[in-house]
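Undergrad: Okay, here's the structure, questions in a sec.
No value in this document is a laboratory result; all are computed from the given coordinates. What you see is a predicted model; the values in this text were computed from it and never measured. Heads up, the Cβs are rebuilt from the backbone with ideal geometry, glycines too, and the neighbour counts pull from every protein chain shown.
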Amino acid sequence: MAKQMLWRKSEKMTMQQMLSDMTLMAKGDSVKVCWLTGLSLSVYRDFIHGTAHPTRNAWAEMRYWYMSFLTNGREWMEERIEKRICKSLIFVESSRFQVQKDSLKDYLNEKPTHTEIEYDKMYPAFGKPTDKEFEDWRKEYKRFQLF
């Protein structure tokens, strides 16, 4: 239920709002947020200050991290960061592809990404997911022995 609520809550949020919430949850440690989300520090700074606009893909991915981080908590984030291999990538401009070139385009009005469509089905706006959707989800994750 928490995941459904957070997924739907983030639908109207900006990248700046999501990153701010995640940074608060990480006790103000923006480096940890960058390690978790894969953003470089310079791109994080631009998003936080509102000087850059994300692409639709970057925004959708951030919705996923926002939902995961807030539902699983700080301990989950710490474990996830410990497993991260290339921590120095946050100093490289590798995530510039996540910034829109045309700042007049509104990423919220673009076509939803594949990830968004999947999660919208998994976490519908009203009520609970149907039993069939839940069974499909369970079968999919059972194959990977995660269930």
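Undergrad: Give the peptides 35-41, 114-120 in descending order of average Cβ contacts within 10 Å, highest first.
TA: 35-41, 114-120
Undergrad: For the pair residue 121 and residue 45, what calculated FRET efficiency results from E = 1/(1 + (r/R0)^6), where r is the Cβ-Cβ distance and R0 = 35 Å, to the nearest 0.05?
TA: 0.55
Undergrad: On to the next question. Mind ranking 19-29, 63-73 by how tightly packed they are, going by the mean number of other C-beta atoms within 10 angstrom, highest first?
TA: My ranking of the peptides, most packed first, is 63-73, 19-29.
Undergrad: Shifting gears a bit: Assuming R0 = 30 Å, can you tell me the calculated FRET efficiency for the pair residue 75 and residue 11, based on Cβ-Cβ distance, to the nearest 0.05?
TA: Rounded to the nearest 0.05, the efficiency is 0.65.
Undergrad: Given N residues in segment 1-85, what is Rg(Cα) / (2.2 N^0.38 Å)?
TA: 1.01
Undergrad: Among the listed pairs 3/121; 9/121; 32/83; 3/32, which have their C-alpha atoms separated by more than 18 angstrom in this model?
TA: 3/32
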